[in-house]
Amino acid sequence: MKNLCLHSYFKKELQTPSNKEQVIDFYNEATEDYRFWSKDLNMHFGYYVPFKTNLFKRDSMLNKMNSEVFKRLNVFNQKKHIVDLGCGMGATIRHGIATYPKLAITGLTISPFQVEKGNEMLPSERGTILNRDYRNTFFKENYFDGAMAIESFCHSGCSTDALAETYRILKPGSTFVMADAFVKKEVNDMNPLAKYTYKGLCESWSLESLGNIYRVKADLEKLGFKDIKIQNIWYRVAPSVLHVPFTISSFILKKLFRKETLKPESIKNLKGSFLALLSSLSLTNFGYYMITAKK
């Protein structure tokens, strides 16, 4: 006799896509929407510096974030090979190889769409994008001269296995730089609005969870990373986040004018962007950090 409850449970499990599958579907379908956010297809927030970046030109701030990451990787005029863990469409790779003529960058993404289209946009053989998971890269130990992860490790909750794999493939003495949003407390300790924001962000952007900044710091130390520096840069990121409501409004109006329907992935992306703005107002619960650490 069949156990109908058990059969129903397994059927539901088989029909429910894994987080990895959700991330792949999201980026396969919604990546083109990011061109509305950034003509260079930067799929992250920006870094504002008074008198150096234009507050009203979003790509100026987005590319400044790229510059800040490379500055911390210490790649100036050196022949190095670094890895971009969760590279999106390769905007940061393109920025890096254009700025540093001796630099080679390998990007990893689990989205086949991003692999195909991203590689088409790369202007040099010094940049390439591979279809691999940053938690299991298949590279040899001590392979890269540096690693970066810009708003990508959030898809795995900045998991310990992602950090461990990063440590494994880095050469001794090389640097890892991460820029991302984190929580400052356990979700159960948040107020109702912060809980709503957190859950909405995870659902909209297919995040397993946001990493807890204190747990991440402890993981880095346990794995053997040294010289760990953690900077809360929310005030640098906030000006680009403030572009969100205007960008969302323009995007929707453009779709309505063209009589185009919004894809489910686009709707999720728009909702996630709005909730990111909301999270930036809850400084006791959320923060945006730039982390550097050496192997």
Q. Say R0 is 51 Å: what FRET efficiency, to the nearest 0.05, do LEU55 and ASP227 get from their beta-carbon distance?
A. 0.95
Q.
Can you tell me which of ASN212, ASN285, ASN74 moves the most in a GNM of the chain? Springs connect C-alpha atoms under 10 Å apart.
A. ASN74
Q: Amide H neighbours of ILE129 under 5 Å, at least 5 residues apart or on other chains, H built in the peptide plane: list them.
A: GLY107
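Stretch VAL187-ASP161 to full length: gain in nm at 0.36 nm per residue minus the Cα-Cα span? Could the numbers behind the result be given before it?
Working: separation 26, 0.36 × 26 = 9.36 nm, distance 2.13 nm.
Extra length available between VAL187 and ASP161 comes to 7.2 nm.
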Q: For LYS294, go through the aspartates and glutamates and keep the ones whose alpha-carbon is under 19 Å away, minus same-chain ones fewer than eight residues off.
A: GLU68, ASP84, GLU141, ASP145, ASP161, GLU165, ASP180, ASP219, GLU221, ASP227
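With the cut-off at 20 Å, tell me which of the pairs LYS80/LYS171; LYS71/LYS102; LYS57/LYS80 have Cα atoms farther apart than that.
On the way: LYS80/LYS171 11 Å; LYS71/LYS102 15 Å; LYS57/LYS80 31 Å.
Checking Cα-Cα distances, LYS57/LYS80 exceed 20 Å.
Please state the relative contact order of the chain as a whole percent: Cα pairs under 8 Å, 6+ residues apart? Walk me through the numbers before you get to the answer.
On the way: 520 pairs, mean separation 59.0, N = 295.
Answer for the chain is 20 percent.
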Q. Taking other Cβ within 10 Å of each residue's Cβ, how do THR160, THR53 sort, fewest first?
A. THR160, THR53
Q | Charge tally in the Cβ shell below 15 Å around GLY200, where Lys, Arg are +1 and Asp, Glu are -1, GLY200 excluded | A | +2
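Please return the longest range in the chain lying between exposed loop sites, taking GluC sites (Glu not before Pro), DSSP loop only, at most 13 other beta-carbon atoms within 10 Å, and leaving the sites out. Walk me through the numbers before you get to the answer.
Numbers: sites that count: GLU125, GLU141, GLU186, GLU260.
That gives 1-124 as the longest site-free run.
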Q. Say R0 is 35 Å: what FRET efficiency, to the nearest 0.05, do LYS254 and LEU130 get from their beta-carbon distance?
A. 0.55
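Stretch ARG215-LYS20 to full length: gain in nm at 0.36 nm per residue minus the Cα-Cα span?
Between ARG215 and LYS20, full extension yields 68.0 nm more.
So what is the 222 nm mean residue ellipticity for the chain from helices alone, if each DSSP H run of at least 4 adds -39500 (n - 2.57) and you divide by all residues, rounding to the nearest 500 deg cm²/dmol?
That comes out to -14000 deg cm²/dmol.
Hey, which of these cross-link pairs are over 25 Å Cα-Cα: LYS195/LYS222; LYS184/LYS226; LYS195/LYS259? Spell out each step's value before the answer.
On the way: LYS195/LYS222 29 Å; LYS184/LYS226 22 Å; LYS195/LYS259 35 Å.
Flagged as over cut-off: LYS195/LYS222; LYS195/LYS259.
Which order do TYR134, TYR100 fall in if you start with the one that has the fewest other Cβ atoms within 10 Å?
Values: TYR134 26, TYR100 20.
By the 10 Å Cβ count, ascending: TYR100, TYR134.
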Q: Sort LEU278, LEU62, LEU242 so the one with the fewest other Cβ atoms within 10 Å of its own Cβ comes first.
A: LEU242, LEU278, LEU62
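Which trypsin sites (Lys or Arg not before Pro) in segment 239-292 sit in a loop by DSSP (not H, G, I, E or B) and have at most 13 other Cβ atoms within 10 Å of their own Cβ?
Values: sites: LYS254, LYS255, ARG258, LYS259, LYS268, LYS271; in loops: ARG258, LYS259.
Those that pass, being in a loop and sparsely packed, are ARG258, LYS259.
Counting other Cβ atoms within 10 Å, keep those with at most 15, restrict to DSSP loop, and tell me which chymotrypsin sites (Phe, Trp or Tyr not before Pro) in segment 50-107 are left.
Numbers: sites: PHE51, PHE56, PHE70, PHE76; in loops: PHE51, PHE56, PHE76.
Hits after loop and neighbour filter: PHE51, PHE56, PHE76.
Just so you know, all these numbers are worked out from the coordinates, no wet-lab data involved. Please read all numbers here as calculations on a predicted model, not as lab measurements. All Cβ positions, even for glycine, are placed from backbone atoms using ideal geometry, and neighbour counts span all protein chains on display.
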